[in-house]
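The values are calculated or read from the model by the stated rules, or taken from the named source; none is laboratory data. These figures come from a predicted structure and were not determined experimentally. Cβ placement follows ideal geometry from the backbone for every residue including glycine, while neighbour counts extend to all protein chains displayed.
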Amino acid sequence: MAGQKEKYVFIDRDGVINKDGEGWTEYGYITTWEDFKFLPGVLEAFRELEEAGYRSVVISNQKCVGRGIMTLSRLQEITDNMKKAVSEAGGSIHGVFYCTHLDEDECLCRKPREGLFLEAAGKFGIKNFTGKYFIGDSERDIAAGKKAGLGTILVLSGKSSLADIENWENKPDKVVEGLRDAVRTVLEG
């Protein structure tokens, strides 16, 4: 059974699934469902992954919890609403893994470390990350995906621009406009 479910895609949240909160929300984070705005094509992208037999897993840093800006229960409420909206559009999110620690906590789960991927692998029985992708919008996303052994796709719908990549130590395997383009890249192999 594990072999049949080996088609996984890992996806960052803010800047990939929804509009990043930086610059327009009170604290620069998405702290309420009202602030959560799906980016164009995202719901269709999740549906396309589901139809192709992929399991979507969200991997996201949410230090706003560690900073005391938002509670874990509020984060769970946003997550539940996100999953419900994706499901109603014909897609599915099979797992959500958050790091709520601060940078100075030096935890193993905060991207650019790969701890959240290893946690997901343990939960879902993933043997290795070969042929699997992480879709993100920042240098730390790409670094984390590379450390875990995933293919990496950078979307330009969030924090980063093409010019930013020039100075990165870890370069993405592919650069696309948004999640739907990234999903097409995954589906094309």
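The figures follow:
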| item | result |
| --- | --- |
| Test result for G95, more than 14 Å from the chain's Cα centre (by Cα) and either within 29 Å of K171 (Cβ to Cβ) or among the small types (G, A, S) (or both) | no |
| Among (1) in a loop (DSSP other than H, G, I, E, B); (2) farther than 29 Å from L162 by Cα; (3) touching a strand residue (DSSP E or B) at 6+ places or on another chain (Cβ under 8 Å) - the single one R110 does not satisfy | (2) |
| Flag for A163 being part of a helix (DSSP H, G or I), touching a residue at least 12 places away in the same chain (Cβ under 8 Å), out of contact with any Asp or Glu (no Cβ under 7 Å at 6 or more places or on another chain) and small (G, A, S) | no |
| Cross-chain or 6+ apart pairs with Cβ under 7 Å, the range 31-44 first and of a type in the set (G, A, S), then surrounded by 16 or more Cβ atoms within 10 Å (Cβ to Cβ) and modelled with pLDDT of 95 or more | G41/G178; G41/L179; G41/R180 |
| Matching residues in the range 135-176 - criterion: being over 16 Å from F10 (Cβ atoms), over 15 Å from the mean Cα position of the chain (by Cα) and of a type in the set (D, E, K, R) | D164, E166, E169, K171 |
| Candidates A121, A89, filtered to the one that is surrounded by 15 or more Cβ atoms within 10 Å (Cβ to Cβ) and either free of Cβ contacts under 8 Å to residues at least 24 places away in the same chain or within 20 Å of Q76 (Cβ to Cβ) (or both) | A121 |
| Subset tally (residues that are charged (D, E, K, R) and free of Cβ contacts under 8 Å to residues at least 24 places away in the same chain) for the range 98-118 | 2 |
| Extreme residue, nearest to L156 (Cα to Cα), among residues of the range 124-143 that are surrounded by 20 or more Cβ atoms within 10 Å (Cβ to Cβ) and of a type in the set (V, I, T) | I135 |
| Within the range 119-137, considering residues that are in contact with a Leu (Cβ under 8 Å, 6 or more places away or on another chain) and outside any strand (DSSP E or B), the one farthest from P172 (Cα to Cα) | F129 |
| Every residue from the range 18-73 that is within 28 Å of G122 (Cβ to Cβ), part of a helix (DSSP H, G or I) and in contact with an Asp or Glu (Cβ under 9 Å, 6 or more places away or on another chain) | A45, K63, G66 |
